[in-house]
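Engineer: Take this structure, written in structure tokens, and hold onto it; I'll ask about it next.
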Amino acid sequence: MERSIIQLFSYSIFTIVSIANVLASPPSRNTLVTIEGESFYINGAITFKGKTWRGFPIEGLLPNSRMVNGIFDDETDSTRYKWVYPDTKVWDAERNTREFTDNIPLWRKNGLLAFTINMQGGSPQGYSSAQPWKNSALDEKGNLKPAYLNRLTTILDKADESGMVVILGIYYFGQEKNIEDEAAILNGIRNTAEWVLRNGYTHVLIEINNECDLYKVHPILKADRVHEAINFAKNITIEGRRLLVGTSYAGGVIPGVEVVKVSDFILLHGNGVSDPERIVEMVRKTKQIEGFSPKPILFNEDDHFDFDKPINNFIAATGAGASWGYFDYRMKDEPFEAGYQSVPVDWGINSERKKGFFNLLSQW
């Protein structure tokens, strides 16, 4: 009898919570991102309507920056020391997110319309030959971790308030090893998409995984099957609404046919591409892929700068009708202010490269 009463009590509590969740409506949101043809729209208006820059039309573009470690933490005791702040000599995940959030209005004021963040971050060293640390908002079963979600909520709320779009990546090749199997991978996609939809966020684009052609563990995240994951995410709906979904490839790589067919937008990377003409060629070749239909093409990772020169990857992508994404990390012997990926991060606009990027962007 005692066991039955406990079961009944537990069931009742579960029922009450479930009903409350169903009845609770998500908060109203300020920013809505949509796509029409090759253009991005924010709150029903095409971006940069009727504008040109250096003779190039910029209408419909979405300039962005790679800020993937905004909710970063390290669950590995042996590596946490690597990320300590220079002033406190300790790592602080909450400080990292707080300072990220504080700078969102500054980025927006200087012309940035979107940033990429990832549930599993990105290399906290910029590039890493090995990644022994553990940074994942998803546990091994694909369930969402509350502490990471709390930090992500803070960022998404501020971006929504500021009129910015968020490209939310789910998986990162350096951390896929922390997910158990394909069922857990799909569970993580479902949990992430449903969480975004249930919270009423309308300014979020989904990047299934960063650089799908570099994955070694889970076949469904690899280049030849990732289109299945994209379709899976596209079929997740709540009250008739779904998210816009794509994936990215490594620097200089042209997307596969199936990915191009099913993606809502195409993500390219310019890492390793030092010739701006190659950036133009990547856009052209992508549009020539079998099954390509009009949709936005945007670079959301490129570590080439030359912002003071008459031609660079940023300008080349813009001239080709593709949005460009700034990727910057702290290079050897550079000060704390450098880079937006190396942890700990100075999220301000304080280094010469950051100033160079935002100086160009603020001209739009």
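Engineer: Residues of segment 339-364 being among the aliphatic types (A, V, I, L, M) and touching a helix residue (DSSP H, G or I) at 6+ places or on another chain (Cβ under 7 Å), which ones?
Structural biologist: Val343, Val345, Ile349, Leu360
Engineer: Filter segment 181-217 for residues that are farther than 22 Å from Ser25 by Cα, of a type in the set (A, V, I, L, M) and surrounded by fewer than 20 Cβ atoms within 10 Å (Cβ to Cβ) and give the result.
Structural biologist: If the condition is that a residue be farther than 22 Å from Ser25 by Cα, of a type in the set (A, V, I, L, M) and surrounded by fewer than 20 Cβ atoms within 10 Å (Cβ to Cβ), then Ala183, Ala184, Leu186, Leu214, Val217 are the ones that fit.
Engineer: Does segment 44-57 contain at least one residue that is buried (at least 16 other Cβ atoms within 10 Å of the Cβ) and of a type in the set (Lys, Arg)?
Structural biologist: no
Engineer: List, please: which pairs have Cβ atoms under 7 Å, are six or more places apart or on different chains, and start with a residue in segment 80-97 that is without any contact (Cβ under 8 Å) to a residue 60 or more places away in the chain and end with one that is polar (S, T, N, Q) and buried (at least 17 other Cβ atoms within 10 Å of the Cβ)?
Structural biologist: If the second residue must be polar (S, T, N, Q) and buried (at least 17 other Cβ atoms within 10 Å of the Cβ), the pairs left are Thr97/Thr154.
Engineer: Let me ask something additional. Would you point out which residue out of Phe100, Phe115 is modelled with pLDDT of 95 or more, in a strand (DSSP E or B) and either of a type in the set (A, V, I, L, M, F, W, C) or over 26 Å from Arg29 (Cβ atoms) (or both)?
Structural biologist: None of the others qualify; the one that does is Phe115.
Here's the yes/no breakdown for (1) of a type in the set (D, E, K, R); (2) within 13 Å of the chain's Cα centre (by Cα); (3) modelled with pLDDT under 95:
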| site | (1), (2), (3) |
| --- | --- |
| Ala137 | no, no, no |
| Glu140 | yes, no, no |
| Arg151 | yes, no, no |
| Thr154 | no, no, no |
| Asp160 | yes, no, no |
| Ile170 | no, yes, no |
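Engineer: Restricted to segment 303-355, and to residues that are on the phi > 0 side of the Ramachandran plot and more than 19 Å from the chain's Cα centre (by Cα), which residue is surrounded by the most Cβ atoms within 10 Å (Cβ to Cβ)?
Structural biologist: Only one residue fits best here, namely Gly321.
Engineer: Go through segment 162-184 and give me each residue that's among the β-branched types (Val, Ile, Thr) and either within 16 Å of Ala137 (Cβ to Cβ) or in contact with a Cys (Cβ under 6 Å, 6 or more places away or on another chain) (or both).
Structural biologist: Residues satisfying the conditions are Val166, Ile167, Ile170, Ile179.
Engineer: Output the residues belonging to segment 174-206 that are farther than 18 Å from Met67 by Cβ and not in a helix (DSSP H, G or I).
Structural biologist: Ile179, Glu180, Asp181, Asn199, Gly200, Thr202
Engineer: Of all the strands (runs of 3 or more DSSP E) wholly in segment 213-324, which have at least 1 residues that are under 17 Å from Ile189 (Cα atoms)?
Structural biologist: The qualifying strands (runs of 3 or more DSSP E) are 244-246.
Engineer: Also: Which residues, counting only those in segment 287-323, are of a type in the set (A, V, I, L, M, F, W, C), without any contact (Cβ under 8 Å) to a residue 40 or more places away in the chain and over 23 Å from Glu211 (Cβ atoms)?
Structural biologist: Ile311
Engineer: Mind listing whichever residues of segment 59-84 are more than 30 Å from Lys295 (Cβ to Cβ), of a type outside the set (A, V, I, L, M) and surrounded by fewer than 17 Cβ atoms within 10 Å (Cβ to Cβ)?
Structural biologist: Glu75, Thr76, Asp77, Ser78, Thr79, Arg80, Tyr81, Lys82, listed by residue number.
Engineer: Residue by residue through segment 144-165, note down the ones that are touching a strand residue (DSSP E or B) at 6+ places or on another chain (Cβ under 7 Å) and aliphatic (A, V, I, L, M).
Structural biologist: Across segment 144-165, the qualifying residues are Leu144, Ile155, Leu156, Ala159, Met164, Val165.
Engineer: Right, Asn359: in a helix (DSSP H, G or I), surrounded by fewer than 21 Cβ atoms within 10 Å (Cβ to Cβ) and out of contact with any Lys or Arg (no Cβ under 6 Å at 6 or more places or on another chain) or not?
Structural biologist: yes
Engineer: Filter segment 271-286 down to the residues that are touching a residue at least 40 places away in the same chain (Cβ under 8 Å) and hydrophobic (A, V, I, L, M, F, W, C), then identify the one that is farthest from Val259 (Cα to Cα).
Structural biologist: Out of the qualifying residues, it is Val273.
The values are calculated or read from the model by the stated rules, or taken from the named source; none is laboratory data. Bear in mind the structure is a predicted one, so any value in this text is a computation, not a measurement. Using ideal geometry, Cβ is built from the backbone for each residue, glycine included, and neighbour counts are taken over all protein chains shown.
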